[in-house]
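Working notes, structure below.
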Amino acid sequence: MPTITAIYAGLLALLFLGLSARVIAYRRANGLSLGDEGDRALLNRMRAQANCAEYAPLGLLLLWMTEAMGAPAAALHVLGLMLLLGRAAHAYGFSAHPQIIGLRVAGTVLTLTMIGVAALGLLTHGIV
């Protein structure tokens, strides 16, 4: 049972729900129904949500596979925190006005590093 992955899956799902709620609330408050209708603030909220949806599933899949391969709990928590904090930092930095570029970059670096480390670990364990 992938209990550590389950923790991060739950936390990332809550982050995604929060990002979704921001999009929905903005749409309702501004009477916007389809697409971004040229509204830059809505587009930023939509992209913050979509970016989470694009990267979190791959990160969780890699985390789950790493857990299934028997990686130590400490390594799994480091990877899970990298993914969670990376997605949260990126979303916050991206959707802030003005954007906080440092948080966007840090979030991207954390996320991509997590994906890279997990991928290399899986390849190493799969080949050896």
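No value in this document is a laboratory result; all are computed from the given coordinates. Remember, it's a predicted structure, so these values are computed and weren't measured experimentally. All Cβ positions, glycine included, derive from the backbone under ideal geometry; neighbour counts span all protein chains shown.
Taking only Cα atoms, what is the 0 to 90° angle, nearest 10, from helix 3-30's long axis to the longest principal axis of the chain?
Helix 3-30 and the main axis of the chain meet at about 10 degrees.
Using a 10 Å cut-off around each Cβ, can you sort Thr108, Thr113 from fewest to most neighbouring Cβ atoms?
Thr113, Thr108
For His90, His125, what ranking results if the residue with the fewest other Cβ atoms within 10 Å of its Cβ goes first?
So the ranking, lowest neighbour count to highest, is His125, His90.
With a 10 Å Cβ neighbour count serving as the proxy for reagent exposure, in which order, fewest first, do Met65, Met1, Met114 appear?
Met1, Met65, Met114
Note down the magnitude of the dipole of the chain about its Cα centre, charges +1 on Lys and Arg C-beta and -1 on Asp and Glu C-beta and zero elsewhere, to the nearest 20 debye.
In debye, rounded to 20, the chain gives about 300.
From zero outward in steps of 10 Å, how is the percent of C-alpha pairs of the chain spread across the bins?
13, 40, 28, 14, 5, 0
Go through 78-88, 92-102 and give me the packing order, highest mean Cβ count within 10 Å leading.
Final packing ranking: 78-88, 92-102.
Helix 101-127 against the longest principal axis of the chain: what's the angle in degrees, Cα atoms only, rounded to the nearest 10?
30 degrees
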